[in-house]
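The values are calculated or read from the model by the stated rules, or taken from the named source; none is laboratory data. No experiment lies behind these values; they were computed from the predicted model shown. Methodologically, a virtual Cβ is constructed for each residue, glycine included, from the backbone with ideal geometry; neighbour enumeration extends over all protein chains shown.
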Amino acid sequence: MTQKKVIAVIFGGRSVEHDVSVLTGLQFLEALDPGKYDGIPVYVDPLGQWWTGAPLTRRSRYPLEDSPKDLTQVMLDLATPASGRPQLVAFSKGLMGEKRTTIPFDLMVPAIHGSNGEDGTLQGMLDFAGIPYAGCRTLGAAATMNKVFAKKVAAQAGIKVLPELLLRRPKKGEFLDPDALKKQLHEAFGEIGFPFIVKPCNLGSSVGVGKADDMDGLVAALMTAFRMDSEVIVEPFVANLVEYNIAVRQTADGKTVTSAIERPLRDAELLDFKNKYLAGGTPGGPKLDTGPSEGMASLNRVLNPDELTDAQDKFIRGSASGIFDALSLAGSVRVDFLCNGDSGELWLNEVNTIPGSFAYFLWEAASEPLSFLKLSGEMVEEGFRLSGDRLGDTDTATGGATIFSRS
């Protein structure tokens with residue numbers, strides 16, 4: 001009988017998207033096929049401490065109290081153990097001194113949204129330690145987290161994007177100068193005037209996004225966004241705004257495929273964090289083939305909206321597949337688009353390499369439906385393949401780079 005693989009799902013993190021990440025991590029753990037995998041939760045609290053333990057699989061367990069007694073604090077072993085399997089390490093005090101306990105696993109699934117998880121930092125650490133993981137590799141994760149860089153790649157690939165102005169947080173003791181801002185706006189946008197959209201350059205989940213109708217509103221929105229990121233982008237506000245999202249992944253045979261398209265519904269002018277995560281939906285839901293209806297999955301939406309023309313559908317699917325391939329992405333990636341509902345004009349907005357709920361609900365409604373149970377399995381197996389492909393001989397003799405003699 002084949003031994004089940006142990007899958008460590010890491011979520012939480014030191015990020016303003018911490019709470020959303022908890023939901024996504026718990027959903028993925030629940031969606032793992034228990035006949036093939038044993039899932040273990042790895043929760044990173046807002047202080048950066050790592051915890052594991054069965055109670056972490058319950059949503060009611062959050063937020064954690066200080067020094068929880070029913071959980072085990074762990075750290076990731078960055079050295080390669082003799083067993084060859086990666087492991088978490090826990091230390092505890094005993095009668096004979098400090099006791100070291102190891103928790104081996106086979107692959108890690110990053111489910112941390114935004115900073116210190118989706119931006120390539122976690123992926124880089126896992127690459128450094130030679131630990132197999134699911135989802136985008138370091139380059140793709142870092143490139144897509146920076147909205148300006150991702151837009152430049154998209155534009156080079158012939159994908160239509162909005163113009164933007166990149167602003168950096170003022171140094172301590174300095175203030176935003178409205179006159180200088182007016183000049184920068186004119187240089188970036190010409191005759192395009194207010195309103196503008198302001199958003200952090202390196203965050204997701206619509207956190208920190210604001211609309212500015214005048215200069216006072218722009219300064220206020222910038223100050224809010226600068227609290228969350230050192231770089232902020234300003235873009236023209238799309239009139240008659242309609243948003244469309246689609247998920248992209250690659251099959252085992254290397255074919256890039258797209259999901260259903262969704263049109264999120266909102267009760268405000270902007271689809272902000274509150275509209276995405278705190279409205280609509282019903283907690284709970286079927287366990288495996290659909291997953292719980294929490295987090296991004298609870299967003300009120302129209303799936304496969306019939307107002308889209310063939311040309312618009314082609315643009316969305318082609319652009320999403322194009323940016324996915326251009327950046328060699330992996331996992332279940334969600335690509336978001338902006339549309340002027342009157343003119344029908346579309347622009348690529350942003351790419352989310354760890355989208356809320358891993359966008360499983362978009363795959364369930366695809367032309368070839370894929371359950372969360374199967375999606376999670378494909379992501380895990382893809383992670384094993386990609387991590388295995390990266391391995392190479394690191395012996396200095398192999399590269400002809402030996403300087404010190406080895407006896």
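Mind checking whether some residue in region 195-213 is β-branched (Val, Ile, Thr), modelled with pLDDT under 95 and not assigned by TED's automatic domain parsing to the domain that holds residue 352?
Yes: region 195-213 contains one or more residues that are β-branched (Val, Ile, Thr), modelled with pLDDT under 95 and not assigned by TED's automatic domain parsing to the domain that holds residue 352.
Among (1) out of contact with any helix residue (DSSP H, G or I) (no Cβ under 8 Å at 6 or more places or on another chain); (2) without any contact (Cβ under 8 Å) to a residue 60 or more places away in the chain, there is one condition residue 14 misses while meeting the rest; what is its number?
So residue 14 meets the others, but not (2).
Could you tell me how many of the residues in region 97-115 are assigned to a strand (DSSP E or B) and either outside the structural domain of residue 41 (by TED's automatic domain parsing) or of a type outside the set (Lys, Arg) (or both)?
Of the residues in region 97-115, the ones assigned to a strand (DSSP E or B) are 97-104, 107-110.
When the remaining residues are screened for being either outside the structural domain of residue 41 (by TED's automatic domain parsing) or of a type outside the set (Lys, Arg) (or both), the result is 97-98, 101-104, 107-110.
So the answer is 10.
Yes/no per residue for (1) of a type in the set (D, E, K, R); (2) within 30 Å of residue 7 (Cβ to Cβ):
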residue	(1), (2)
119	yes, yes
128	no, yes
133	no, yes
145	no, yes
150	no, yes
153	no, no
158	no, no
167	no, no
177	yes, no
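Name every residue in region 116-136 that is touching a helix residue (DSSP H, G or I) at 6+ places or on another chain (Cβ under 9 Å) and either among the small types (Gly, Ala, Ser) or in a strand (DSSP E or B) (or both), in order of residue number.
Residues satisfying the conditions are 117, 120, 124, 130, 133, 134, 135.
Just for strands (runs of 3 or more DSSP E) wholly inside region 217-266: which have at least 2 residues that are within 30 Å of residue 169 (Cα to Cα)?
Details: elements: 231-236, 241-250, 256-264.
Per the criteria, 231-236, 241-250.
If you check 356, 377, which single one turns out to be touching a His at 6+ places or on another chain (Cβ under 8 Å) and within 28 Å of residue 317 (Cβ to Cβ)? Before the answer, list the steps.
Details: 377 fails: touching a His at 6+ places or on another chain (Cβ under 8 Å).
On inspection, the qualifying residue turns out to be 356.
For residue 153, all conditions in the list (1) out of contact with any Gly (no Cβ under 8 Å at 6 or more places or on another chain); (2) assigned to a loop (DSSP other than H, G, I, E, B); (3) surrounded by 15 or more Cβ atoms within 10 Å (Cβ to Cβ) hold save one; what is the number of the exception?
For residue 153, the failing item is (2).
From 242, 238, 248, 234, which residue is surrounded by 15 or more Cβ atoms within 10 Å (Cβ to Cβ), touching an Asp or Glu at 6+ places or on another chain (Cβ under 7 Å) and among the hydrophobic types (A, V, I, L, M, F, W, C)?
On the way: 242 fails: touching an Asp or Glu at 6+ places or on another chain (Cβ under 7 Å); 238 fails: touching an Asp or Glu at 6+ places or on another chain (Cβ under 7 Å); 248 fails: touching an Asp or Glu at 6+ places or on another chain (Cβ under 7 Å).
Residue meeting the stated conditions: 234.
When the residues of region 314-339 are filtered to those that are touching a Cys at 6+ places or on another chain (Cβ under 9 Å) and over 22 Å from residue 265 (Cα atoms), which remaining residue is surrounded by the most Cβ atoms within 10 Å (Cβ to Cβ)?
331
If a residue must be in contact (Cβ under 8 Å) with a residue 60 or more places away in the chain and of a type in the set (Ser, Thr, Tyr), how many such residues does region 350-407 contain?
Qualifying residue count for the region: 7.
Would you mind finding the one in 260, 221, 212 that is under 27 Å from residue 22 (Cα atoms) and either touching a Gly at 6+ places or on another chain (Cβ under 6 Å) or buried (at least 17 other Cβ atoms within 10 Å of the Cβ) (or both)?
260
Restricting to region 331-364, name every residue that is touching a helix residue (DSSP H, G or I) at 6+ places or on another chain (Cβ under 8 Å), more than 14 Å from residue 321 (Cα to Cα) and not in a loop (DSSP other than H, G, I, E, B).
Going through region 331-364, the residues touching a helix residue (DSSP H, G or I) at 6+ places or on another chain (Cβ under 8 Å) turn out to be 331-335, 337, 339, 344, 346, 348, 350-361, 363-364.
Now drop any that are not more than 14 Å from residue 321 (Cα to Cα), which leaves 339, 344, 346, 354-361, 363-364.
Within region 331-364, 339, 346, 356, 357, 358, 359, 360, 361, 363, 364 meet the criteria.
May I ask you to verify whether residue 159 is in contact with a helix residue (DSSP H, G or I) (Cβ under 9 Å, 6 or more places away or on another chain), aliphatic (A, V, I, L, M) and surrounded by fewer than 15 Cβ atoms within 10 Å (Cβ to Cβ)? Lay out the reasoning, then the answer.
Details: in contact with a helix residue (DSSP H, G or I) (Cβ under 9 Å, 6 or more places away or on another chain): yes; aliphatic (A, V, I, L, M): yes; surrounded by fewer than 15 Cβ atoms within 10 Å (Cβ to Cβ): no.
The answer is no for residue 159.
Considering every residue within region 129-142, establish whether at least one is closer than 24 Å to residue 377 by Cβ and polar (S, T, N, Q).
Scanning region 129-142 turns up at least one residue that is closer than 24 Å to residue 377 by Cβ and polar (S, T, N, Q).
Are any residues in region 19-36 hydroxyl-bearing (Ser, Thr, Tyr) and surrounded by fewer than 20 Cβ atoms within 10 Å (Cβ to Cβ), and if so, which ones?
Step one: list which residues in region 19-36 are hydroxyl-bearing (Ser, Thr, Tyr), which gives 21, 24.
Selection gives nothing.
Among the residues of region 77-96, what is the count of those that are of a type in the set (A, V, I, L, M) and either closer than 16 Å to residue 130 by Cα or outside the structural domain of residue 107 (by TED's automatic domain parsing) (or both)?
Going residue by residue through region 77-96, those that are of a type in the set (A, V, I, L, M) are 78-79, 82, 88-90, 95-96.
Subsequent filtering for residues that are either closer than 16 Å to residue 130 by Cα or outside the structural domain of residue 107 (by TED's automatic domain parsing) (or both) retains 78-79, 82, 88.
Residues meeting the conditions: 4.
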